[in-house]
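Heads up, the thing below is written out as C-alpha cells.
Read-outs throughout are calculated quantities, based only on the coordinates presented, and are distinct from any laboratory measurement. All figures in this text were calculated on a predicted structure; none of them were measured in a lab. Neighbour counts are summed over all protein chains in view; Cβ atoms, including those assigned to glycine, are modelled from backbone coordinates with ideal geometry.
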Amino acid sequence: LCTGEVPSLSYQELKDLKTANVLHIDVRERWEIDKFGKIPKSINIPLGELVEALQMDPMEFKEQYNRKMPAKSDPVVFSCLAGTRSKQALGFAMSLGFS
C-alpha cells in the first residue's frame with residue numbers, strides 16, 4: 001500500500017475498494033460525524049483513540065467497534081475531513097507494524 005509516499009485515494013477509488021474486503025476507518029471526531037455525516041461502511045475511531053484501538057485485544061476491538069480487528073497485513077483505509085489526520089493515522093498504524 002505504501003511505497004515511501006503517502007497514498008491517497010479519490011472518492012471513486014475508495015468506493016471501488018469498499019466492495020473488496022477493506023476496513024475503512026474514519027478518524028474524524030464524533031461531533032464531525034454528527035455534523036457532516038457518517039461514511040457508509042466505515043467505522044469511526046477518532047485520531048486520538050487510534051493508537052490505543054489498534055493495540056487492543058481483538059475481542060475488545062470487536063466489542064467496541066462491532067468489527068473484526070484488522071491484522072497487521074489487512075488492507076485499511078483512513079479518512080478524515082481534509083486529509084491531514086488520515087496521513088497521521090497512516091503513520092501511527094505503520095509505526096505499530098501495519099503495512
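Name the residue farthest towards the positive end of the dipole of segment 25-96 from the options GLN88, VAL27, ILE39, assuming +1 on Cβ of Lys and Arg, -1 on Cβ of Asp and Glu, about the Cα centre.
The residue sitting most towards the positive pole is ILE39.
So what are the ³J(HN,Hα) numbers for segment 27-41, from phi and the Karplus equation (6.51, -1.76, 1.60; θ = phi - 60°), rounded to whole Hz, Gly and Pro as x?
Here the 3J(HN,Hα) series is 9, 5, 5, 4, 5, 5, 4, 4, 6, 9, x, 8, 7, x, 6 Hz.
Once you have the Kirkwood Rh of segment 25-96 from its Cα pairs, apply Stokes-Einstein at 4 °C and 1.567 mPa s and quote D in µm²/s.
Approximately 104 µm²/s, per Stokes-Einstein.
Could you give each residue of segment 63-79 its phi-based ³J(HN,Hα) in whole Hz, using Karplus coefficients 6.51, -1.76, 1.60 with θ = phi - 60°, and x for Gly or Pro?
Running phi through 6.51 cos²θ - 1.76 cosθ + 1.60 with θ = phi - 60° gives 5, 6, 10, 6, 9, 5, 5, x, 6, 5, 9, 6, x, 10, 10, 10, 9 Hz.
Considering amide H positions built from the backbone, and no H for Pro or chain starts, which residues 5 or more places from ASN44, or on another chain, come under 5 Å of its amide H?
Those qualifying (amide H under 5 Å, at least 5 residues apart or on another chain) are ASP26.
Compute the distance in nm between two label points, each set 7 Å from the Cα along the Cα-to-Cβ direction, one at ASN21 and one at LYS87.
3.2
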